[in-house]
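Nothing in this text is a laboratory measurement; each read-out follows from the coordinates by a stated rule. Here the structure is a predicted model, which means the values were calculated and not measured. Virtual Cβ from ideal backbone geometry, glycine too; neighbours counted across all protein chains shown.
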Amino acid sequence: MTRTKSDTETLRSGRIVAAHGRHAIVEDADRKRYRCGMKGKRLRPVCADEVRWRPHQSDIGDGIITEVLPRRAQLSRPDNRGRSEVVASNMSQIVVVVAPRPPADLSLVDRYLVSAELIGVAGAVVGNKNDIDALDLREFQNIGYRTVSVCAKQADTLELLVALLADHTSILVGQSGVGKSSLLNAMIPGLDSRTQELSTGSGEGRHTTTASVLYHLSNGGEVIDSPGVRDYAPPPISDRELIAGFVEFGEPSTQCRFNDCRHLTEPDCGVKQSVTDGQISQRRYNSYRQLLERLANLNPDSYS
Ligand SMILES: Nc1nc2c(ncn2[C@@H]2O[C@H](COP(=O)(O)OP(=O)(O)O)[C@@H](O)[C@H]2O)c(=O)[nH]1
Ligand SMILES: [Mg+2]
Ligand SMILES: [Zn+2]
């Protein structure tokens, strides 16, 4: 791409802190926020993207985003037409929130943790609403994921969560209603994320319930609140990738008779032996088999 001198002089760097289709909120290094349109229809910035933009007053706002810089990581999910849609980028940690109400879907947690492994970022599990019931998250802890038990309504329970989020760009994911937005409200004084205005003065305000939004914590951590999901599956991946997403299979699988063992009906399978021995959680193993089946039934052509 060739740029004219006047272009390069006025181009500025920024981060996307909220993206709403045809416009987005860009934050500069001083945390000033600008409402921007896009140059061209193909530009689809997502939350936490690093972008170049230039000031330009219009009915959309204060600027125009001209380029999305290469992403270090991205979390995708199937959109409502079954195609893969990027939810946010450049995170270093995926934090799955679960609660006793709505009833915890632990296989959803597994699916997000598989994605964390595939993307190569840290995974963590937060059990919220421990005032109602404290979920047992030891099976995740035992395989190396950080876990915390919290209650969004009791500030003194949030210390460990705040510590978990320090030094990371995290995305909070999980079913609708588990309390993701409530946790952010409780951790960030003065924030009402459900109704927070992203207006920067020149455009009309927007509610943020349908978009991912990035917030700063006082300890330097950054947290992306994402709209809840009813269902989540990693984008189509190979069986090998799926197996790699279940980290606790790694060591036992070195004992499998076959190198390409899928840990199903093969003889002398180290993974199944570990399930029998109780070293690998039966629930996680079942979750693996379900996901294997689900991925086999996906038509890869329906994803772009
Ligand atoms: N009892 C209890 N209710 C909570 C807690 N955290 C959130 N809630 C409630 O759960 C509901 C859903 O919360 P919300 O933050 O919107 O969930 P989100 O969809 O994950 O963002 C709201 O009615 C909250 O008041 C908690 O720790 N304990
Ligand atoms: Mg929410
Ligand atoms: Zn095996």
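Annotations
- Pairwise FRET efficiency - residue 153 versus residue 80, Cβ, R0 = 45 Å, nearest 0.05: 0.90
- Cα gyration tensor shape of the range 45-90, rounded if a/c is under 1.5, else prolate or oblate by comparing a/b with b/c: oblate
- Positive-end residue of 100, 118, 130, charge dipole of the range 84-146 with Cβ unit charges: 130
- Point-to-point label distance, residue 247-residue 219, nm (Cα→Cβ direction, 7 Å offset): 1.9 nm
- Residue 134/residue 279 FRET efficiency (R0 30 Å; Cβ-Cβ; nearest 0.05): 0.75
- Rel. contact order, % - alpha carbon contacts under 8 angstrom, at least six apart, the range 11-68: 36 percent
- Both numbers refer to the Cα atoms of the range 74-225; Rg and Dmax are 15.2, 50 Å.
- Under Karplus coefficients 6.51, -1.76 and 1.60, residue-wise ³J(HN,Hα) of the range 165-173 in Hz, glycine/proline x: 8, 4, 6, 10, 9, 10, 10, 8, 10
- Farthest toward positive dipole pole in the chain [+1 Lys/Arg, -1 Asp/Glu at C-beta], among 174, 76, 259: 76
- Mean separation of Cα contacts under 8 Å (6+ apart) over length of the chain, as relative contact order %: 15 percent
- All-pairs Cα distance distribution in the chain, expressed in whole percent, bin size 10 Å: 6, 25, 30, 23, 11, 4, 1
- Estimated distance in nm for a label pair at residue 260 and residue 31, the labels positioned 7 Å out from Cα along Cα-to-Cβ: 5.4 nm
- Note on residue 32: lysines with a C-alpha under 28 Å away, same-chain residues under 8 apart excluded, are 5, 41, 180.
- Applying a length cut-off of 18 Å (Cα extent along the axis) and a mean Kyte-Doolittle floor of -1.0 to the DSSP H helices of the chain leaves 106-119.
- Calculated FRET efficiency for the pair residue 56/residue 238, C-beta based, R₀ 45 Å, to 0.05: 0.55
- Straight-line cross-link partners of residue 272 among the aspartates and glutamates, defined as a Cα under 20 Å from its Cα and at least 8 positions apart when in the same chain: 110, 139, 239, 241, 248, 251, 260, 293.
- Dipole check for the chain: with +1 at the C-beta of Lys and Arg, -1 at the C-beta of Asp and Glu, and the Cα centre as origin, the magnitude is about 920 Debye.
- Anisotropy class assigned to the range 11-68 is rounded, per the alpha carbon gyration tensor with a/c under the 1.5 cut-off.
- Relative contact order [Cα under 8 Å, 6+ residues apart], the range 239-302, whole percent: 27 percent
- Burial ranking of peptide ranges 223-234, 175-186 (average Cβ count within 10 Å, highest at the top): 175-186, 223-234
- For the range 239-302, the alpha carbon convex hull comes to 83 Å³ per residue, rounded to a whole number.
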